[in-house]
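Take a look at the structure below.
Derivation of every value follows stated rules applied to the coordinates shown; laboratory data play no part. These numbers come from a predicted model, not from an experiment. Heads up, the Cβs are rebuilt from the backbone with ideal geometry, glycines too, and the neighbour counts pull from every protein chain shown.
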Amino acid sequence: MAAGTTTDLRNGMVIRYNNDLFQVVEFQHVAPGNWRAFVRVKLKNLNNGKVMEDRFRAGADIDIVRIERRPMQYLYREGESLIFMDNSTFDQIPVTEAMMGDAARFLKENDNADLVYDADREVLLGVELPIFVALEVVETTTAVRGDTATNVTKAATLETGAVIQVPGFVNEGDRLKIDTRSGEYIERV
């Protein structure tokens, strides 16, 4: 853990605040006229995923947590755990589905992901999937004639079992580019 000040804040940085780990989503330095300057931050709790806003006095001390990303390959699901394999040591690491969050529904066997560790304590903080994945549509309804002229969407089931909303022209067997952060359809591949 490194000591720093609010001038060291960057988006994506992990800090220890109120005995918990938070990732900086967004920050802004504010200097309101004759008042003291402060830093407004939006923080994401790495334990429960909740986002909160707070303020720090400009120049206040913060605890910066050094993180390490290790590339791993997803192998299979075992109960409530997802099993990942370290590509260099071949060690298998179980990760709970709750730690993965909503992104777990876009993970298919043999996909790569980064496991994020607290480098000082060797504690797993979370799993980062690639921002975009290409998945095949295995089930969807056919578009009704006349619906293709407007922005009509329909439900589609992907090969991982995830159900997302797609435009009416998407058919079974199409490969789609999906944003894993929001679960939105981007384009056909």
Quote the Stokes-Einstein diffusion coefficient, in whole µm² s⁻¹, for the range 132-188, based on the Kirkwood radius over alpha carbon pairs, a temperature of 37 °C and a viscosity of 0.692 mPa s.
291
How large is the translational diffusion coefficient of the chain in µm² per second when you combine the Kirkwood radius over alpha carbon pairs with Stokes-Einstein at 10 °C and 1.306 mPa s?
83
Karplus (6.51, -1.76, 1.60) ³J(HN,Hα), θ = phi - 60°, over the range 101-114, in Hz, Gly and Pro reported as x
x, 5, 5, 4, 6, 9, 9, 10, 4, 6, 6, 9, 8, 9
What is the range 1-83 by shape, rounded, prolate or oblate, if you read a ≥ b ≥ c off the alpha carbon gyration tensor as root eigenvalues and call it rounded for a/c under 1.5, prolate for a/b larger than b/c, and oblate otherwise?
prolate
Give the peptides 162-174, 30-42 in descending order of average Cβ contacts within 10 Å, highest first.
162-174, 30-42
Reduced to Cα centres, the span from the range 1-30 to the range 104-129 in Å works out to 21
So between N112 and R69, what do we pick up on full extension, going 0.36 nm a residue minus the alpha carbon distance?
14.3 nm
Would you calculate the separation in nanometres between label points at R57 and D174, each defined as 7 Å from the Cα along the Cα-to-beta-carbon direction?
5.7
Sum -39500 (n - 2.57) across every DSSP H segment of at least 4 residues in the chain, then divide by the residue count to get the 222 nm mean residue ellipticity, nearest 500.
-500 deg cm²/dmol
